[in-house]
């Protein structure tokens, strides 16, 4: 058992590290061939934070454990909002002015509602997975189209987009870019495979379902990059980016992570995901929406008190999960 726990922890560390190196190699290579930092920030860097979840979802589904993939997608979204944003706001209240974030908040709420609708019948079909992945590519293309069209007629004045562009890693020599890109491509699926196998072993040993292990250990572990990025954002006084990373990650988790379970291993899912976890994910997302949108039309703030509310919702969810584990 100790060996399996060790493998899980090491696999999780390698997964997160290799995702970071993959982003470094891919973004640097893109810079070297002339792609603008803004486009890299909106695509490669943005998707990089969800690379661990995507790898776990694909690996778990291929190995016949789609509940782990679904648990990871749902659990990561709950963790991102309730734990990561809660801690971030507790450390430093966020003042957000980005029009992009204000546009994406209703989008993430709508996408979350669609995800809940898809899993509400305890079944995720291939066609539902296909709709989600098509939505993912449509979202990326729409985001690029709106941003590029606006940049041609107006100077880049959106706080989040400026901060995202600044976060793109500096270019390194092409040979080094390719090296880190290959390292990421090799280690991402390899570490994901070991992580899924060890988590399934541990779950069975403790009588925990694949869904719960995905909702807890794996979800929290794969959300650590978002926590680190959010803390660094507030250190750099980039409040918009702190919230933007979380919203973008949650959109990707539903469209690009949850979809893989339906595409690769469609069929019945753990009923608890439909009547407990998906509604909680929708509820937490709705809570974030309500906390952000006040009567003021200008900037909105996520205060320390709001951060405490989010953290309480995370603790309550963990208590709910473990209170229902059958001993």
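The values are calculated or read from the model by the stated rules, or taken from the named source; none is laboratory data. Only a predicted model underlies this, so the values are computations on that prediction, with no experimental measurement involved. Cβ sites come from the backbone with ideal geometry, for glycine too, and all protein chains shown count toward neighbours.
General observations
So that you can scan it fast, the table gives a plain yes or no per residue for (1) buried (at least 19 other Cβ atoms within 10 Å of the Cβ); (2) under 16 Å from residue 210 (Cβ atoms); (3) modelled with pLDDT under 85:
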| position | (1), (2), (3) |
| --- | --- |
| 19 | yes, no, yes |
| 25 | yes, no, yes |
| 30 | yes, no, yes |
| 36 | no, no, yes |
| 42 | yes, no, yes |
| 60 | yes, yes, no |
| 77 | yes, no, no |
| 81 | yes, no, no |
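- Screening 230, 259 for residues that are in contact (Cβ under 8 Å) with a residue 40 or more places away in the chain, buried (at least 16 other Cβ atoms within 10 Å of the Cβ), over 30 Å from residue 126 (Cβ atoms) and within 17 Å of the chain's Cα centre (by Cα) leaves exactly one candidate, 230.
- Residue 94 vs. criteria within 30 Å of residue 149 (Cα to Cα) and either in contact with a helix residue (DSSP H, G or I) (Cβ under 6 Å, 6 or more places away or on another chain) or surrounded by fewer than 17 Cβ atoms within 10 Å (Cβ to Cβ) (or both): yes
- Of all the listed residues (87, 56), the sole one being in contact (Cβ under 8 Å) with a residue 12 or more places away in the chain, in a helix (DSSP H, G or I) and under 13 Å from residue 253 (Cβ atoms) is 56.
- Scanning the range 266-280 for residues that are touching a helix residue (DSSP H, G or I) at 6+ places or on another chain (Cβ under 8 Å) and either over 24 Å from residue 136 (Cβ atoms) or surrounded by fewer than 23 Cβ atoms within 10 Å (Cβ to Cβ) (or both) returns 266, 267, 270, 272, 274, 276, 279, 280.
- Count - residues of the range 8-33 that are over 23 Å from the mean Cα position of the chain (by Cα) and part of a helix (DSSP H, G or I): 3
- Which listed residue is in contact with a helix residue (DSSP H, G or I) (Cβ under 9 Å, 6 or more places away or on another chain), part of a helix (DSSP H, G or I) and modelled with pLDDT under 95, from 113, 46: 46
- Residue within the range 164-171 that is under 22 Å from residue 249 (Cβ atoms) and either modelled with pLDDT of 95 or more or surrounded by fewer than 17 Cβ atoms within 10 Å (Cβ to Cβ) (or both) present: yes
- Residue check: residue 208 meets all listed conditions (1) assigned to a helix (DSSP H, G or I); (2) at pLDDT below 85; (3) over 19 Å from residue 92 (Cβ atoms) but one, namely (1).
- Residues in the range 62-74 that are surrounded by fewer than 24 Cβ atoms within 10 Å (Cβ to Cβ) and either in contact with a helix residue (DSSP H, G or I) (Cβ under 8 Å, 6 or more places away or on another chain) or within 22 Å of residue 101 (Cα to Cα) (or both): 62, 63.
- Taken across the range 131-142, residues that are modelled with pLDDT under 65 and part of a helix (DSSP H, G or I) do not occur at all.
- Positions within the range 259-280 being outside any loop (DSSP other than H, G, I, E, B) and farther than 21 Å from residue 83 by Cα, in sequence order: 259, 260, 261, 262, 263, 264, 267, 268, 271, 272, 274, 275
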